[in-house]
1. Are any residues in region B:367-425 farther than 15 Å from B:V308 by Cα and not in a helix (DSSP H, G or I), and if so, which ones?
2. Select, from A:K157, A:K150, the only residue that is open to solvent by 30 Å² or more (accessible area, probe 1.4 Å) and more than 27 Å from A:V210 (Cα to Cα).
3. Please work out which residue is surrounded by the most Cβ atoms within 10 Å (Cβ to Cβ), limiting yourself to region B:416-453 and to residues that are modelled with pLDDT under 90, more than 21 Å from B:G243 (Cβ to Cβ) and of a type in the set (G, A, S).
4. Could you check, for region A:430-446, whether at least one of its residues is within 14 Å of chain B (Cβ to nearest Cβ) and either under 22 Å from the mean Cα position of the chain (by Cα) or free of Cβ contacts under 8 Å to residues at least 12 places away in the same chain (or both)?
5. Please find, among A:L308, A:L347, A:L377, A:L370, the residue that is open to solvent by 20 Å² or more (accessible area, probe 1.4 Å) and hydrophobic (A, V, I, L, M, F, W, C).
6. Quick check, is A:V42 within 24 Å of the chain's Cα centre (by Cα) and part of a helix (DSSP H, G or I)?
7. Among the residues of region A:377-411, count how many are closer than 20 Å to A:A242 by Cα, in a helix (DSSP H, G or I) and more than 8 Å from chain B (Cβ to nearest Cβ).
8. What pairs come up if the first residue lies in region B:163-186 and is more than 10 Å from chain A (Cβ to nearest Cβ) and closer than 23 Å to B:V215 by Cα, the second is acidic (D, E) and surrounded by 22 or more Cβ atoms within 10 Å (Cβ to Cβ), and their beta carbons are under 7 Å apart, counting only those six or more places apart or on different chains?
Amino acid sequence: MNVDFALFIPEFVMAGMALVVLTVDLFLPQDRKHWLPYIALVGILGTMGSVFTIAGKSEELYGGLFLVDNFAVFFKVFLLAVGAFMVLASAEYVKKNLTRPGEFYGILLFSILAMMTMTAAGELLTAYISLELFSFSLYILASYAIHRPKSVEAGLKYILVGAFSSAILLYGLSLIYGSLGTTTFSGIADALAGNDDIPVAFLAGLVLVVVGFGFKITAVPFHMWAPDVYEGAPTPVTAYLAVASKAVSFALLLRLFAMAFGPAMDEWRPIIAGLAAATIVLGNLVAMAQHNIKRMLAYSSIGQAGYLLMGIAALSPLASNGLLFHIVGYSAANFAAFACIIAYENLTGKEEISDYAGLSRRQPFMALVLSGALFSLAGLPVFAGFATKFYLFAAVGNEGLLWLVIVAVAGSLVSLYYYLMVIKQIYLGEPEEDEPLRLSVSTVGLLGALGAAVVIFGVYPGPLINLIEKATAVLPMPV
Amino acid sequence: MLTAIVFLPAVGAILMALLARSDRQVRFLSLLITLSVLVLALVVWATIDLDDPNPQWVQRYQWISAFDVQYFLGVDGLSAPLLGLTGLLGVAAVLISWGIKHRTREFFFWLLILQTGITGVFVSLDLLLFFMFWEVELIPMFLLISIWGSGRREYSAMKFLLYTMLSSALMLAGMLVLYFSAGTFDMIALRDAPPSIALITAPGVFFLLLAAFAVKLPVWPFHTWLPDAHTDAPTAASVMLAGVMLKMGAYGIFRICISLFPEVARDYSDLLVTLAVVSVLYGAVMVFRQHDLKRLIAYSSISHMGFVLLGIASLGQVGMTGAAMQMFAHGTITAMLFMVAGLVYEKAHTRHIPDLGGLASRMPLLTIAFMIAGLAALGLPSMSGFVAEILIFLGSFGVYREATILAMFGLVLSAGYILWTAQRVFFGPEKPRFAAIGDVTLVEAAPLAGMIAAIMVVGIYPSFVTDFFDAGLAPIVDLLGAAGG
């Protein structure tokens, strides 16, 4: 088989850089460890540059096992950007709270590598292996604060639930292979399209796959692990879980459902739509009762996963655009919120919602970014959240799932309430101390960039939508 | 040009927040910004061509092309005076807040953002853009009430927010149904080529949209947020709320409900008239039960907004012009009443009417201001309120005789409560505890003088404004005529 290894350049670069970080760590004296995040950042940016060598190509490797197309390129660039923000956001936190920064950044880079291959997977087992590499990185990262019992508990919980869901997923994959005799996405689609009655074993496998992914994307009722893990994990890792993990899982799901399961759409649409509705309702309702801001955001991100599932349930060109658009908008807003929370934790060590009382007087800039991010998550106009939700909901409505849109709009209204409770603390609460909080220059830059992204995607989404349209054009859509 | 008018306050607010070095600079910069907006708004108003029924000063760009969402701004005879009114009240709100000491920078920041939202509503010609601006105004108002308000401010702010949020969700639903039926959010295109509504019935959409506007206007029984919000808001927020924000509701009914659904409006005009009369009388009667000066004015607003709805529901040129006039007149009059109430509170430290009394000898200028605004509110000839009300009654009498007569009682009641209030607050024996308070300062008097000028000029020479409303409403009247009846 003739393989064009040039198409793997980004993956090679990333794997190499991950090893470089691990190796350099061995030789760096203790007082130079703060160089590590910058080395990791250089690695990520270098990889991002190398992605442009494969931009615009549309090729299959190993008989459809590994795909290089616009969809993969879009997500690679996006996820690398998330990774870069992640490194910037965690540098200060890691220095203060965690030991062994070398492995932290090394594992982080490996997880990015896993995400890159996940977006390119065109076959069930490649997808599964990438997912496992990604999950294992996250298991370690979640329990990285080994001196904090909560972090260890989070890691353990995450491993157990993750292993359980992987087993279910793998069983589902084997049923699909057993019934259709192929594991490539296009092969599955062909087998389904040529078959008038869909084998029962395939349906069982499909359900198990949905359940397995349900754990990863925190769909209700497979979400129970998320709040505990989100609360216990080191805060930057929580941000990473909430943003990168969701984004990449949905990228994979969208490719899987569009390219492989498309012909069986009538079978799975009600299941996905039902999951989406349950996820939206429960995530948003329970978020109202939270006092810890990380837990609150955990439930809110469950609700957001529900909105994203709507895009899968609708599965049309417009809905896929909406899904990608919402992933980007949600990621920007959620990351902005987490960047504020990380910075606040670095400064004060606090993470209860009531601790944010009077933030606007101690640190007005951070208050503004955090409020903007929360309003964006709620879907208020001007911010990205409105544009993305509008696009996604309208596309879903176009497919005739109007009831689901109504559920989602109601969920958004509820979500506004709990976001407002935080904003109320920020602007109306009386601060315990008056002295202003000082942010480092890099934090200001990070918050500014993310805050600007949240507004720009909301006000001028045109260029982003153009890119998204190019990315989703490669997915075959059921008619 | 319109973009400049809409976004100048917001951009200015951000620059001001970042650059101003002292509270003094904040105040002067805000004044500068609002004054320039006023000048620009007046230029637009003055250059409108009344013979052209199409929107003017149009700015139009594709925004989200997949859903044909446009950035589409324009003004016509209906929106131009409201644009001017917003500009005027923007300046007044800044001046009346000159004495704000608590978190000054933030206060003016949010006040300016608020102005962007309100102005945007009046000039958007794309439904989704309209909705966005409609929502923008929420957050600043919520914060203005809850941080700088008085009394149960957090409760009132939350109530305001919840009412508006829920109703605007209904509005968005209505707009989406329109979109799915017509494939566009363009108000002009929707007006010219009414879509056949497939998903739910046309009246269904009409009432979804009306719900949001009725809450904003407010119409009984959706009014309960208003007395709380107005009472507890700081003066500038009350001025903006009563002066222009309520008008957004009426404007929406004109621009969206009636323009897009003339038939439905005809079919359900009885219902609208009933709600209007109930609002007029309920508001007026409730006024007599109030002891808080601002709450009293708030209820009188409900009553006066009832007149607006009555004029709208008459669905004729005269009555609708009257309604639009009432929007403009009430904007200046009530804004002025709230300013006076705010000044009374600032100086006498109470708004409880039984505690007040005999202020006239201490603050003669403020008393004169209140009397002028009050007399205008009760419809004294030569003031703007009179023109508006006479047009409304002329327009509606032919169509709804009984309702008009009932509504006229509201006017009688308003004469009663205005004079009674004036007597209790400003006249009567001088009270010793107010011996030390002084009259208004120059900065405080300036916006009052501006309002008086607006009230008198429009009252004496109404065609300044009526010509514009006439021209702006003519296409809507034609639509109603085409809808039969």
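1. Residues satisfying the conditions are B:L380, B:P381, B:S382, B:M383, B:G398, B:V399.
2. Being open to solvent by 30 Å² or more (accessible area, probe 1.4 Å) and more than 27 Å from A:V210 (Cα to Cα) holds for just one of A:K157, A:K150, which is A:K150.
3. For region B:416-453, the residue satisfying everything is B:G428.
4. Checked region A:430-446: no residue is within 14 Å of chain B (Cβ to nearest Cβ) and either under 22 Å from the mean Cα position of the chain (by Cα) or free of Cβ contacts under 8 Å to residues at least 12 places away in the same chain (or both).
5. A:L347
6. Taking the combined requirement at face value, the residue satisfies it.
7. So the answer is 9.
8. Hits for this filter: B:F185/B:D126.
The values are calculated or read from the model by the stated rules, or taken from the named source; none is laboratory data. These numbers come from a predicted model, not from an experiment. Counting neighbours? That spans all protein chains shown, and the Cβs are built from the backbone with ideal geometry, glycine included. The accessibility values were calculated without ligands, DNA or RNA, using every heavy atom of the protein model including side chains. Shrake-Rupley method; radii C 1.70, N 1.55, O 1.52, S 1.80 Å.
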